[in-house]
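Chemist: This is the structure, below, for whatever I ask next.
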Amino acid sequence: MPAFPLPSALRTVALVAGLVLGCVAPEASTTLTIVAAVAGFGVLRRRHGALLARPAVWMPLAAGLLLAATYAIGSGSAVGAVAIYFFIPLFLIAPLLALLDIETNENDNLIMASLALIGVAGACVVALNDRLVLGEVRSGFSVANPIHFADLALGVGFLALVGFVLTQRWWRVLFLFGPLLSLVTIWLSGSRGPQAAFLVMIATSIGFLVFWGGLSRRLTLLVALGAVALLVAVLAIGINSPTGPLQVIADIWQPLINGTTDDASTGERLVMYQSAWNAFMAAPIFGHGLLDLVPITANYVPAGEVFPAYEHLHSDLADFAVSGGILGIAGYAMLVLAPLVEALRAPDGPNRRPAILAATLLSVGFVSMGLTNAMFGIILLTVFFAFATAMVSRLAHS
């Protein structure tokens with residue numbers, strides 16, 4: 001009797017958990033991905049030592065060491081270094097890569113893009129069920145925080161877009177539904193930050209496909225017309241919605257022009273960001289540490305304002321700036337740029353452009369979504385970033 005192919009089974013578990021289950025069963029997704037990654041250490045061999053030279057692996061590890069030292073110094077105690085616990089999934093990229101490299105079928109990359117498309121389709125089903133069947137005002141509550149749910153749907157949906165440039169067959173147009181399904185999902189979730197991030201990511205995608213995607217003039221025109229039609233449809237559907245794109249733009253524009261806002265949620269964020277700036281200026285090099293991030297930031301609230309009670313500062317940049325100062329921001333930059341540096345430094349090959357597209361969308365997406373909500377440190381999103389970074393590396397070197 002042949003031995004049970006455990007490594008291949010772990011690979012399958014990681015693929016399904018990392019790309020399909022995130023928005024449908026978040027806890028199962030994070031648990032299974034982490035378990036598969038830890039088990040992946042058993043797959044590592046001496047030849048996998050070369051993985052440490054890949055930016056996708058060494059940059060998160062270096063960022064972890066930098067953040068650990070910074071948090072210890074900033075908090076004034078070695079215990080402060082324990083806070084890198086929140087980033088542990090990012091240190092498991094090497095074993096994830098070892099799992100993904102077990103099989104080298106030429107269709108592996110298309111399979112990953114297809115799984116991402118299935119994943120965002122599942123997110124859309126959950127969103128529709130929450131709104132139409134359960135009667136939720138904001139979709140996503142049945143499985144997770146609606147904002148985290150929307151952020152993940154956006155990330156997975158745009159990863160599916162990579163399938164469009166991996167093949168020249170007619171059915172590649174199906175991968176264009178990835179961003180569309182993510183848009184429906186985030187709109188139903190009522191999450192405004194992801195809607196703003198969608199605009200950034202769709203602009204990035206169109207720019208890539210038109211100027212560097214190798215599309216014919218006819219297909220370029222089709223993509224451009226489709227984007228215009230999508231924009232018109234989105235504006236028409238959400239024109240009277242308090243969480244629609246027009247209101248999102250207004251909520252962002254008003255504080256930029258006037259310095260104030262009529263929206264309570266945006267007002268709370270402005271207070272947190274002003275407090276975060278004050279806290280950053282009080283300890284600009286090493287920060288204050290991560291373990292007591294919110295209570296410490298609350299001490300720097302502007303006079304006459306009330307600091308809202310949350311677990312983070314609703315901004316990755318604010319979180320890293322207050323917790324680690326300039327060095328914390330450097331660590332954040334290393335994390336978010338790791339997939340992009342990985343793809344850009346990959347050797348020339350048929351999948352280099354798709355890898356750069358995936359990496360660009362992952363990095364741009366996490367930065368734009370992280371402007372108004374925490375991404376790193378949220379277990380669901382941190383695990384996804386780790387898996388997606390491994391996927392970029394696998395794509396770049398195949």
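Chemist: Which numbered condition trips up G119, out of (1) modelled with pLDDT of 90 or more; (2) closer than 24 Å to A374 by Cβ; (3) open to solvent by 60 Å² or more (accessible area, probe 1.4 Å); (4) not polar (S, T, N, Q)?
Modeler: Evaluating G119 over (1) modelled with pLDDT of 90 or more; (2) closer than 24 Å to A374 by Cβ; (3) open to solvent by 60 Å² or more (accessible area, probe 1.4 Å); (4) not polar (S, T, N, Q) leaves (3) as the failure.
Chemist: Evaluate the following for A374: is it open to solvent by 10 Å² or more (accessible area, probe 1.4 Å) and either free of Cβ contacts under 8 Å to residues at least 24 places away in the same chain or not in a helix (DSSP H, G or I) (or both)?
Modeler: Judged against the criteria, A374 is not a match.
Chemist: Restricting to region 337-355, count the residues that are in contact (Cβ under 8 Å) with a residue 40 or more places away in the chain and part of a helix (DSSP H, G or I).
Modeler: 10
Chemist: Same structure again: Taking only region 257-277 into account, find how many residues are open to solvent by less than 60 Å² (accessible area, probe 1.4 Å) and at pLDDT 85 or above.
Modeler: 4
Chemist: Sort through G370, G365, G289, G328 and tell me the only one that's under 23 Å from the mean Cα position of the chain (by Cα) and within 17 Å of L66 (Cα to Cα).
Modeler: Result of the check over G370, G365, G289, G328: G328.
Chemist: Pick from region 138-157 the residues that are among the hydrophobic types (A, V, I, L, M, F, W, C) and out of contact with any Pro (no Cβ under 6 Å at 6 or more places or on another chain): which of them is farthest from W187 (Cα to Cα)?
Modeler: So the residue we want is V156.
Chemist: Continuing with the same structure: Does Y85 count as under 30 Å from L327 (Cβ atoms), of a type outside the set (V, I, T) and free of Cβ contacts under 8 Å to residues at least 12 places away in the same chain?
Modeler: The answer is yes for Y85.
The values are calculated or read from the model by the stated rules, or taken from the named source; none is laboratory data. Only a predicted model underlies this, so the values are computations on that prediction, with no experimental measurement involved. Quick reminder, even Gly has a Cβ in these numbers, built from the backbone with ideal geometry, and neighbours come from all protein chains shown. Side chains are part of the model used for accessible areas, which takes the heavy atoms of the whole protein and leaves out ligands, DNA and RNA. Shrake-Rupley method; radii C 1.70, N 1.55, O 1.52, S 1.80 Å.
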